[in-house]
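Worksheet: the structure to be examined is printed underneath.
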Amino acid sequence: MGLGDIRYEDVIAATEEFRRLGRDDFLQTYGFGRARSYELVLDGLRYDSKAIAGVAHGHATGDFLSAGDFSGGAATVARRLRELGFEVETGETPRDPAALLERLRKLKVSRGPGNPAPSRHQPLSLLWAISREADERPRMTPWPQFRDEVGPLLVEFGLPNAKATPEYPFWHLRGSGLWEVQGIPAEQAKEMPKVSILDAHHPQAGLTEEAAALLRDPVTRLDAIVTICETYLQDADHQALFERMGLAGYTTAGSLLSLSEDENGGTDMDAYGRASGPAPRRDATRSVIVRDEALARRVKQLEGDRCQICGTELRYLNRPYSEAAHIRGLGRPHHGPDELQNLLCLCANCHVLFDGLEIYVDSDGLVRDTRDGREPRPLRRDPRHPVDEAHIGYHRNLCHLNARKPAVG
């Protein structure tokens, strides 16, 4: 018996069982691995084509095929499924960053009748999910929480006059291959469920395990954020968006602090606005990153305490003064390494500009102003001071992301 025994209704029965069991249990039950190349796409959901064909054959004949029974390979399975009228897509599942970014660029977003711009519902929902990953929160989110958190974002940052309908990205993001929905009965999942069904069953949705695993890498995560913003959110206020999304860490390269009035206030003033007593004190407990002071001294020594960007040589208390600046910031969300290759020797002024994403180093080693305000200058480098170009590129991406116009080359 061969694939010719499979009928349309057998494939539908296999997909319903897939949804009922969930991908992992379905594949384990019938002894299949994840699809490497061909995926059956039905109602926006993706299925492992070989596994579906093997189970469909069992429904048709009583003989369930295993992974080793397909002598013709995945291409033969895809051809048979297409003959039956199904859509089969070719492409690697997102097990590598390039595949993930490609899927982000090709989201099947809708366009309104009077607005040629792509809808922002799916991109904003994915950014929200990425912010959860950056904050190490659970991958899957119940529908009520998704609705209450994503809905206001669609109002605030969606296209003008667009309706806030969080149920659409909650369900239709499945078509991206990066998203899954769990908890909807198979008989009610053949088309998009009504909001009343979502409210009744409280399903969960979130990034697939593969996508979430890739996005745990800080470099891939930044690339994903840049891809979404460049492709769908060019006109949005990125800094306001990141602040609202919980991605404020991506608006600086380091840990510049902005104390609130409550944190910075509390001193008694006289009638003329002068302090009438000593500055107040308060107890505080903080968790801080322990930096390798020997590395900081080493980079300053190699560069002679001279700023690698502007060449300034400062003195303080009759001693040379410079600062060791991390190119890719330590701690969340950048998680840069504390190593010599991730350090520059800068003056205090250039350190603030560098961390504040006002200046960056281009691919030719020239220091440029993010807002094109001054002539580029070469980054000074002592031959004994190695600098990792990957860290430079990460910082450059941050500057690009936060620039008001695409000034980064």
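Looking across region 10-48 at every residue that is within 18 Å of residue 86 (Cβ to Cβ) and in contact with a Ser or Thr (Cβ under 7 Å, 6 or more places away or on another chain), the one that is modelled with the lowest pLDDT is identified as 37. Selection of first residues in region 67-83 that are on the phi > 0 side of the Ramachandran plot and in a loop (DSSP other than H, G, I, E, B) and of second residues that are modelled with pLDDT under 85 and loosely packed, with under 13 Cβ neighbours inside 10 Å, restricted to Cβ pairs under 8 Å at least 6 apart or on distinct chains, gives an empty result.
When restricted to residues that are part of a loop (DSSP other than H, G, I, E, B) and in contact with a strand residue (DSSP E or B) (Cβ under 9 Å, 6 or more places away or on another chain), region 313-336 contains 5.
Restricting to region 204-247, count the residues that are surrounded by 15 or more Cβ atoms within 10 Å (Cβ to Cβ) and within 21 Å of residue 150 (Cα to Cα).
Going residue by residue through region 204-247, those that are surrounded by 15 or more Cβ atoms within 10 Å (Cβ to Cβ) are 204-208, 210-215, 218-229, 231-233, 236, 238-239, 241-242, 244-247.
Going one step further and asking which of them are within 21 Å of residue 150 (Cα to Cα), we end up with 204-208, 211-212, 215, 221-222, 224-229, 231-233, 236, 238-239, 241-242, 244-247.
So the answer is 28.
Yes or no, residue by residue, for (1) crowded, with 19+ Cβ neighbours inside 10 Å; (2) in a loop (DSSP other than H, G, I, E, B):
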position	(1), (2)
41	no, no
46	yes, no
56	yes, no
63	no, yes
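Here is the figure for region 179-207: residues that are modelled with pLDDT under 90, part of a loop (DSSP other than H, G, I, E, B) and under 19 Å from residue 24 (Cβ atoms) total 4. The single condition among (1) modelled with pLDDT under 95; (2) closer than 22 Å to residue 218 by Cβ that residue 130 does not meet is (1). For region 302-332, the tally of residues that are closer than 19 Å to residue 398 by Cα, surrounded by 19 or more Cβ atoms within 10 Å (Cβ to Cβ) and not hydrophobic (A, V, I, L, M, F, W, C) stands at 3. Per the conditions (1) touching a Leu at 6+ places or on another chain (Cβ under 8 Å); (2) at pLDDT below 95, the sole criterion not satisfied by residue 330 is (1). For residue 146, are the conditions met, namely being in the same structural domain as residue 101 (by TED's automatic domain parsing), buried (at least 18 other Cβ atoms within 10 Å of the Cβ), touching a strand residue (DSSP E or B) at 6+ places or on another chain (Cβ under 8 Å) and over 18 Å from residue 247 (Cα atoms)? The answer is no for residue 146.
Among the residues of region 165-200, those identified as among the hydrophobic types (A, V, I, L, M, F, W, C) and over 22 Å from the mean Cα position of the chain (by Cα) are 184, 186, 189, 192, 195, 197, 198, 200.
This table checks each residue for (1) part of a loop (DSSP other than H, G, I, E, B); (2) of a type in the set (D, E, K, R).
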residue	(1), (2)
122	no, no
126	no, no
133	no, yes
137	yes, yes
147	no, yes
150	no, no
156	no, yes
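Can you tell me which residue within region 84-103, out of those that are charged (D, E, K, R) and either modelled with pLDDT under 70 or in a loop (DSSP other than H, G, I, E, B) (or both), is surrounded by the most Cβ atoms within 10 Å (Cβ to Cβ)?
92
Looking only at region 325-332, decide whether some residue is of a type in the set (A, V, I, L, M, F, W, C) and touching a Phe, Trp or Tyr at 6+ places or on another chain (Cβ under 7 Å). Yes; the residues of region 325-332 include at least one that is of a type in the set (A, V, I, L, M, F, W, C) and touching a Phe, Trp or Tyr at 6+ places or on another chain (Cβ under 7 Å).
The values are calculated or read from the model by the stated rules, or taken from the named source; none is laboratory data. The structure displayed is predicted, hence computed values, not measured ones. Here Cβ is always computed from backbone atoms with ideal geometry, including for glycine, and neighbour counts include all displayed protein chains.
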